[in-house]
Amino acid sequence: MGDEVDGVPGIQHLVPGFGRRTALKLLKKHGSLENLLNAASVRTVGRQYAQEALTKYADYLRRNYEVLALRRDVDVHLQEEWLLERDTSNDANVFNRVRLSLNSKKLELELDLRLAAQNSAQDLLDTII
């Protein structure tokens, strides 16, 4: 699997039919990506398309795993001012602007739907009459 939010395409983009369910099933069975890829290199681990994909794209999958893995060995130094409470005095104004914008879009959508329903009803009447 990949992470589309971070722009890392998964194997499903390379092999149609190899999606989230197949990946999760195989990962649960083998415990980790490395165990799965090692098993796939010496024996059949799933359906033919999955087997071929795992052997053909093993390096690609390992690289994706490395790119997406959270690093825990990084020495992070936090400065105390980063942890201070932030100014929230403007939050209500921002929230209200967002709420008004969403309400406006919702109203616009409702009007579009009503107009479409009226047009459909009129078209139906025109067809019947």
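State the Cα centre-to-centre distance between region 7-30 and region 43-97 in whole Å.
17 Å
Dipole of region 46-129, Cα-centred, from +1 at each Lys and Arg C-beta and -1 at each Asp and Glu C-beta, to the nearest 20 debye? Present the calculation step by step, with values, prior to reporting the outcome.
Numbers: 12 positive and 15 negative charges, 75 e Å.
The dipole magnitude comes to about 360 debye.
Name the residue from Pro16, His30, Leu78 whose Cα lies farthest towards the positive end of the charge dipole of the chain, charges +1 on Cβ of Lys and Arg and -1 on Cβ of Asp and Glu.
Going by the charge dipole, the pick is His30.
Of all the accessible heavy-atom surface of the chain, with the other protein chains kept in place and a 1.4 Å probe, what percent is carbon and sulfur? Walk me through the intermediate numbers first.
On the way: 5940 of 10960 Å².
The C+S portion of the solvent-accessible surface of the chain is 54 percent.
Based on the Cα gyration tensor of region 20-68, what are the three equivalent ellipsoid semi-axes, each the root of five times an eigenvalue, rounded to whole Å and given largest first? Write down the numbers at each step before the final one.
Values: eigenvalues 47, 30, 21 Å².
Semi-axes (√(5λ), whole Å): 15, 12, 10.
Evaluate the charge dipole of region 20-68 about its Cα centre and quote only its size in Debye, nearest 20, assuming +1 on the Cβ of each Lys and Arg and -1 on the Cβ of each Asp and Glu. Walk me through the numbers before you get to the answer.
Numbers: 10 positive and 4 negative charges, 61 e Å.
Result for region 20-68 is approximately 300 debye, rounded to the nearest 20.
With unit charges on the beta carbon (Lys/Arg positive, Asp/Glu negative), name the residue among Leu61, Tyr49, Ala121 whose Cα is farthest towards the positive pole of the charge dipole of the chain.
Comparing the listed Cα positions along the dipole, Tyr49 ranks first.
Per residue, what accessible area does the chain have, given a 1.4 Å probe and all protein chains present, in Å²?
Details: 10960 Å² over 129 residues.
It amounts to 85 Å² per residue over the chain.
May I ask for the angle, rounded to the nearest 10°, between helix 20-30 and the longest principal axis of the chain, with both axes built from Cα atoms and the value confined to 0 to 90°?
Computed tilt is about 30 degrees.
Once the piece of chain linking Ala116 and Phe95 is laid out straight, how much longer is it, given 0.36 nm per residue of separation minus the C-alpha distance between them? Walk me through the intermediate numbers first.
On the way: separation 21, 0.36 × 21 = 7.56 nm, distance 3.14 nm.
So the extension gain works out to 4.4 nm.
Please enumerate, by chain and number, the lysines with C-alpha under 24 Å from the C-alpha of Lys28, excluding those fewer than 8 residues away in the same chain.
Straight-line reach from Lys28, under 24 Å: Lys56.
Sort 98-108, 13-23, 66-76 by the packing proxy (mean of other Cβ within 10 Å over each peptide's residues), most packed first.
Working: 98-108: 10.0, 13-23: 14.0, 66-76: 6.7.
The packing order, highest mean first, is 13-23, 98-108, 66-76.
Among (i) 26.2, 78; (ii) 15.5, 48; (iii) 13.9, 44, which is the computed Rg and Dmax of the Cα atoms in Å?
Of the listed options (i) 26.2, 78; (ii) 15.5, 48; (iii) 13.9, 44, (i) comes from this structure.
The values are calculated or read from the model by the stated rules, or taken from the named source; none is laboratory data. As the structure is a prediction and not an experimental result, all values here were calculated from the model. Cβ atoms come from the backbone with ideal geometry, glycine included; neighbour counts cover every protein chain shown. Ligands, DNA and RNA are stripped out before the accessible areas are found, and what is left, the full protein with its side chains, is counted by its heavy atoms. Shrake-Rupley method; radii C 1.70, N 1.55, O 1.52, S 1.80 Å.
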